[in-house]
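Enquirer: Pasting in a structure now, in structure tokens, and then I'll have a few things to ask.
The values are calculated or read from the model by the stated rules, or taken from the named source; none is laboratory data. Small disclaimer: the values here were computed from a predicted structure and weren't measured. Glycine also receives a Cβ, built like all others from the backbone with ideal geometry; neighbour counts cover every protein chain displayed. Heads up: the accessible areas ignore ligands, DNA and RNA and are worked out on the full protein's heavy atoms, side chains in. Shrake-Rupley method; radii C 1.70, N 1.55, O 1.52, S 1.80 Å.
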Amino acid sequence: FGPMITIGESETPSWTDMPAEKLDFYGERAMNALNPIVRARYADIMWEKRKDHEFARSAVRDYMESAQIYSARSQPALATDATTRAMEIAVRLNEKQLTAETLSRSIQNARAAASEGEYVTTLELVRLLLRMPKRLVADALKDLATLAREGATYHRSVGGESLWTEREFLFVLRDIARRFSDASALTQVTREIANSYEEHAGTREPLVASSL
């Protein structure tokens, strides 16, 4: 978080000199706003400014609910941003149960997006989770591999320019195979990537020089 505008030492609105009464108002909004997207932002401010762990926990849960809303709206970037922030706060709190809950909800959101055909959201969420510390995602790698395989299969069936996205899912599978030190799976997915490149090259229109 930070001010919207900074000119020299001037901030609008002020982040460093936020009045106590304004923070009290933000805290009230964090608890009572109807929209989880709004609650998450206010609770996050309260966490950052007052280091209140209850607001931090609320922010995590509201961000995860926000991610679900963004996914349903086909807004993968916002869904990923909300999930990223939820995971960041959960890890900083160092609460094992909350982190596990957040990871589980992230996988559920990725799976829900896939069931709706929103594979771009699924891809971004899977990539995000693979960037988390290894100790947090070790037990979830098989679930992530299943989602990546489903996305790759879907985009291969579409063909054409969707082969770009197929390869993005295959790159995820390659990363997971490396983490498992699975030489056989790594060889297979590397071959699939090469085949995708070859097939994609065959489906593209050749460039034709125009004669003027």
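Enquirer: Within region 76-98, is there a residue that is under 22 Å from LEU163 (Cα atoms), in contact (Cβ under 8 Å) with a residue 24 or more places away in the chain and surrounded by fewer than 23 Cβ atoms within 10 Å (Cβ to Cβ)?
Expert: Checking region 76-98: at least one residue is under 22 Å from LEU163 (Cα atoms), in contact (Cβ under 8 Å) with a residue 24 or more places away in the chain and surrounded by fewer than 23 Cβ atoms within 10 Å (Cβ to Cβ).
Enquirer: Only residues that are over 18 Å from the mean Cα position of the chain (by Cα), open to solvent by less than 80 Å² (accessible area, probe 1.4 Å), of a type outside the set (D, E, K, R) and within 26 Å of ARG135 (Cα to Cα): list them for region 153-189, please.
Expert: Of everything in region 153-189, those that are over 18 Å from the mean Cα position of the chain (by Cα), open to solvent by less than 80 Å² (accessible area, probe 1.4 Å), of a type outside the set (D, E, K, R) and within 26 Å of ARG135 (Cα to Cα) turn out to be ALA177, ALA183, ALA185, LEU186, THR187, VAL189.
Enquirer: Here's a check for you: in region 138-149, which residue that is hydrophobic (A, V, I, L, M, F, W, C) and surrounded by 13 or more Cβ atoms within 10 Å (Cβ to Cβ) is nearest to TRP164 (Cα to Cα)?
Expert: Applying the filter and picking the extreme gives ALA148.
Enquirer: Being among the polar types (S, T, N, Q), more than 20 Å from the chain's Cα centre (by Cα) and assigned to a helix (DSSP H, G or I) is the filter here, so list the residues in region 24-59 that pass it.
Expert: To start, the set of residues in region 24-59 that are among the polar types (S, T, N, Q) comprises 32, 35, 58.
Of the ones still in play, those that are also more than 20 Å from the chain's Cα centre (by Cα) are 32, 35.
Scanning region 24-59 gives a single hit, ASN32.
Enquirer: Okay, next question. Taking ARG85 as meeting all but one of (1) within 22 Å of VAL172 (Cα to Cα); (2) among the basic types (Lys, Arg); (3) at pLDDT below 90, write down the number of the exception.
Expert: (3)
Enquirer: Here is a further query. Any chance region 161-172 includes a residue that's among the aromatic types (Phe, Trp, Tyr) and touching a helix residue (DSSP H, G or I) at 6+ places or on another chain (Cβ under 6 Å)?
Expert: yes
Enquirer: Looking only at residues that are of a type in the set (A, V, I, L, M) and over 12 Å from ALA67 (Cβ atoms) in region 109-123, which one is most open to solvent (accessible area, probe 1.4 Å)?
Expert: Per the criteria, the residue is VAL120.
Enquirer: Please state which one of TRP15, TRP47 is at pLDDT 90 or above and surrounded by 10 or more Cβ atoms within 10 Å (Cβ to Cβ).
Expert: Criteria check complete, one pass: TRP47.
Enquirer: Return the total of residues in region 124-137 being open to solvent by 50 Å² or more (accessible area, probe 1.4 Å) and touching a residue at least 40 places away in the same chain (Cβ under 8 Å).
Expert: Looking only at that region, the number is 4.
Enquirer: For residues that are modelled with pLDDT under 90 and closer than 18 Å to THR84 by Cβ, tally how many sit in region 136-167.
Expert: Final tally of qualifying residues: 3.
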